[in-house]
Amino acid sequence: MIPAAFEYHRPKDMAGVLAVLEEHGDDARVMAGGHSLIPMMKLRMADVPHLIDLQDVGGLSDIDVQSDTIRIGALVTQHDIITNDALTAVAPILREAALQIADPQVRYMGTVGGNVANGDPGNDMPGLMQCLDASFTLVGPNGERTVAAREFYEAAYMTAREDDEVLTAVVIPVPSGGYAYEKQKRKIGDYATAAAAVQLIKQGDTCVHAAIAMTNLSDTPIFSEDAGAALIGTSLDDAALKAAVAAMLNDIDPTEDNRGPIAFKKHVAGVILRRAIERAWSRA
Ligand SMILES: Cc1cc2nc3c(=O)[nH]c(=O)nc-3n(C[C@H](O)[C@H](O)[C@H](O)COP(=O)(O)OP(=O)(O)OC[C@H]3O[C@@H](n4cnc5c(N)ncnc54)[C@H](O)[C@@H]3O)c2cc1C
């Protein structure tokens, strides 16, 4: 399908982006890689009379790895994540997850900022960022503010970002311990039927930290604090794994769609989470 007519804006800096947003209000929307927004415009699910391309805005494409934090600019692509060795050295879960997003063509264009800002429950990076306790930097007419990934998602396509704000960066505390991103999908290039992001820290035989987030099993990503708590203080025996899966199932709220009925999705979620925990533990 062909999208409805729109005016194309390509500002050279963030002030220019904010000016167009202020002038046109709800009629304006920023575009990063365009791999979610353009299909929605073509399907007439999004009406965007003023499209603001972010590609010429400087300072949004860097990956900055410091000793305690990682800053990823909003225009960094999934391909950039996969090929950045310094990033993979400190946070390998980002590469493991990015490799499971769509296909190479999409990953060359799809950005981290677009993936987390969109609010699509099927996107993989929101849950990943919740697991890593990331925060999002937003810039708007009143300046800059930070929102935790765990507080950002309100409902499908509804987030804490105001319409006149632009997400400029994702900031992640450097993770430690074992990690796994496990995703079940129907075929290569598909969104998740269920996906789990897990980070664990082991001391001796005991789990002392566990962060777990699930994707495409509710209308928002689900950070399951109770699932993580079920693992802490245990040696990840079968009882602990069962308790974590039960806690996670209590937190998710899947709906039936072309990826399967509710009971199937819950079953897949349990299998995926167990696999992710076991792989993270083996790496911890
Ligand atoms: C065939 C196909 C398969 C896919 N499969 C997957 C998958 O398995 N997993 C997955 O996670 N994703 C998947 N995607 C989505 C892909 O990763 C998208 O590229 C990504 O979600 C959005 O990034 P983008 O840069 O293209 O954003 P855009 O399409 O440019 O924007 C998406 C939305 O976010 C807003 N936005 C973008 N950037 C910003 C910003 N900096 N600040 C504020 N708002 C912003 C836009 O206004 C728009 O509403 C798939 C896409 C396609 C086409």
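The values are calculated or read from the model by the stated rules, or taken from the named source; none is laboratory data. This structure is a prediction, so every number in the text was calculated from the model and none was measured. Counting neighbours? That spans all protein chains shown, and the Cβs are built from the backbone with ideal geometry, glycine included.
Count of region 35-62 residues, restricted to those that are free of Cβ contacts under 8 Å to residues at least 24 places away in the same chain and either more than 27 Å from residue 24 (Cβ to Cβ) or part of a strand (DSSP E or B) (or both), is 1. Residue 95 meets the conditions (1) closer than 26 Å to residue 25 by Cβ; (2) at pLDDT 95 or above in every case but one. The failed one is (1). In region 83-119, the residue that is surrounded by the fewest Cβ atoms within 10 Å (Cβ to Cβ) out of those that are near the ligand (Cβ under 6 Å from one of its atoms) and more than 22 Å from residue 59 (Cβ to Cβ) is 106.
Given the condition in a loop (DSSP other than H, G, I, E, B) and in contact with a Phe, Trp or Tyr (Cβ under 8 Å, 6 or more places away or on another chain), answer yes or no: does some residue in region 63-81 qualify? No, because not a single residue in region 63-81 is in a loop (DSSP other than H, G, I, E, B) and in contact with a Phe, Trp or Tyr (Cβ under 8 Å, 6 or more places away or on another chain). For region 4-41, filtering for residues that are out of contact with any Gly (no Cβ under 7 Å at 6 or more places or on another chain) and within 11 Å of the ligand (Cβ to nearest atom) leaves 13. Condition check for residue 137 on (1) in a strand (DSSP E or B); (2) touching a helix residue (DSSP H, G or I) at 6+ places or on another chain (Cβ under 9 Å); (3) more than 18 Å from residue 213 (Cα to Cα): one failure, at (2). Kindly list, by first and then second residue, each pair from a residue in region 86-97 that is in a helix (DSSP H, G or I) to a residue that is modelled with pLDDT of 95 or more and hydroxyl-bearing (Ser, Thr, Tyr), limited to pairs with Cβ atoms under 6 Å and residues at least 6 apart or on different chains. If the second residue must be modelled with pLDDT of 95 or more and hydroxyl-bearing (Ser, Thr, Tyr), the pairs left are 93/179; 93/181; 95/88; 96/181; 97/181.
Looking only at region 91-109, filter to residues that are of a type in the set (Gly, Ala, Ser) and more than 12 Å from the chain's Cα centre (by Cα); which one of those is farthest from residue 129 (Cα to Cα)? Here the residue is 102.
The condition of being more than 14 Å from residue 273 (Cα to Cα), within 12 Å of the ligand (Cβ to nearest atom), in contact (Cβ under 8 Å) with a residue 60 or more places away in the chain and of a type in the set (A, V, I, L, M, F, W, C) holds for residue 169.
Look at (1) in contact with a strand residue (DSSP E or B) (Cβ under 7 Å, 6 or more places away or on another chain); (2) over 23 Å from residue 92 (Cβ atoms); (3) assigned to a helix (DSSP H, G or I) and you find that residue 126 fails only one, number (2).
In the set 30, 17, 48, only one residue is surrounded by 18 or more Cβ atoms within 10 Å (Cβ to Cβ), under 22 Å from the mean Cα position of the chain (by Cα) and closer than 23 Å to residue 157 by Cα; that residue is 30.
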